[in-house]
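*Asks:* Let me begin by handing over the structure; questions about it come next.
Read the figures in this text as sums done on the coordinates, not as results from a lab. Source: prediction; values computed, not measured. Glycine gets a Cβ as well: all are built from the backbone with ideal geometry, and neighbour counts include every protein chain shown.
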Amino acid sequence: MKIIVSIKQVPARDSQLRPDSAGKWIQESDIGFEINEPDAYALEEALQLKEKHSGEVVALCAGPARASQTIREALAKGADRAIHIEEENLASFDTLAVARLLAKAAEAEKPDLILTGLQSDDLGYGQTGVVMAELLGLPHATIIMAVEKIDSGIRVMRELEDGWFQNVEMPLPAVLTIQSGINKLRYATLMGIKKAKTKEVKRLTAPDLGVAATAAASIERIYAPQRTKQTQIFDGTAREAAAKLIEKLRFEARIL
């Protein structure tokens, strides 16, 4: 079974984020970067499927040169090889263009399964995986909590609302977007880190794949939310004040 895992490098969760001088994105010069957490769970699921059924895991990443650090992490954890679509100005690509890049690179590999994280920690669109599936003409399923190989293809469990789940059988090849928490993430071993240095990383560019930068949607402004304080005093008896407070919390704050 050949599995492609799409991974993305995103700002580290503990970074202090500030808008850049243009106000279009965050200032990246003084922050750290790491693998997108949902993609880390997709990688872990791919590695576990490989351990059960043998095959190959290929990490696929679109991003600038610094993304090679994230690719090496995926290789150290057990991916067999990687494809790096080098693009320094990925912000000029909208979701469709990024999905085209990934789909073109994946199509040449003829994988049995493509896994992506449910969404990215930086933009959170949750669209790239399903757009890839549409471009490749493959069946897909989202919010996956379990994957099982069966004779006819795979059986997956999707997370629905209010604690409900849906079990679906799908043919292969297919595309799945993986929910965070599906498995316990592994750490890269010292031996894995050493082996990662010798594993193949194929480098491609957008022109190699015949994909141009397009942006039907763009970010106009990035800014920190304004902090405000407001105090309300409820008149009446304690019972009446409590009733008003509950009403505010339920219908305005929406936390009850």
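*Asks:* Which whole number in µm²/s is D for the stretch 1-130 by Stokes-Einstein, with the Kirkwood Rh taken over Cα pairs at 25 °C and 0.890 mPa s?
*Replies:* Answer, rounded: 163 µm²/s.
*Asks:* Let me ask something additional. In terms of modelled amide H atoms, which long-range or inter-chain residues lie less than 5 Å from the amide H of L204?
*Replies:* Distant-sequence amide H within range of L204: H84, I85, E86.
*Asks:* Considering amide H positions built from the backbone, and no H for Pro or chain starts, which residues 5 or more places from L118, or on another chain, come under 5 Å of its amide H?
*Replies:* Excluding prolines and chain starts, which carry no amide H, the hits are I178, S180.
*Asks:* What percentage of all Cα-Cα pairs in the chain are separated by more than 36 Å?
*Replies:* Result: 24 percent of Cα pairs exceed 36 Å.
*Asks:* Hey, what do the phi angles of the stretch 161-171 turn into as Karplus ³J(HN,Hα) couplings, whole Hz, using 6.51/-1.76/1.60 and θ = phi - 60°, x for Gly and Pro?
*Replies:* Working through the residues one at a time gives 8, 6, x, 8, 10, 10, 9, 10, 9, 9, x Hz.
*Asks:* Further, regarding this structure: In the Gaussian network model of the chain, springs joining C-alpha atoms below 10 Å, which of R221, R66, R18 carries the largest mean-square fluctuation?
*Replies:* Among R221, R66, R18, the largest GNM mean-square fluctuation belongs to R221.
*Asks:* Applying 1/(1 + (r/R0)^6) with R0 = 45 Å to the Cβ-Cβ distance of R81 and I26, what FRET efficiency is obtained, to the nearest 0.05?
*Replies:* It comes to 0.90.
*Asks:* Return one number: the angle in degrees, 0 to 90 and rounded to the nearest 10, between the long axis of the Cα atoms of helix 37-53 and the longest principal axis of the Cα atoms of the chain.
*Replies:* Roughly 40 degrees, rounded to the nearest 10.
*Asks:* Oh, and also: Could you work out which residue, out of L245, L123, L185, moves most in a Gaussian network model of the chain, that is, has the largest mean-square fluctuation with Cα springs under 10 Å?
*Replies:* Result for the chain, Cα springs under 10 Å: L245 fluctuates most.
*Asks:* Next question. Once you keep just the Cα pairs under 8 angstrom separated by 6 or more residues, what percentage relative contact order results for the chain?
*Replies:* 24
*Asks:* Something else about it: Quick one: what are the phi-derived ³J(HN,Hα) couplings along the stretch 225-239, Karplus 6.51/-1.76/1.60 with θ = phi - 60°, whole Hz, x for glycine and proline?
*Replies:* x, 6, 8, 9, 10, 9, 10, 10, 10, 9, 7, x, 6, 4, 5
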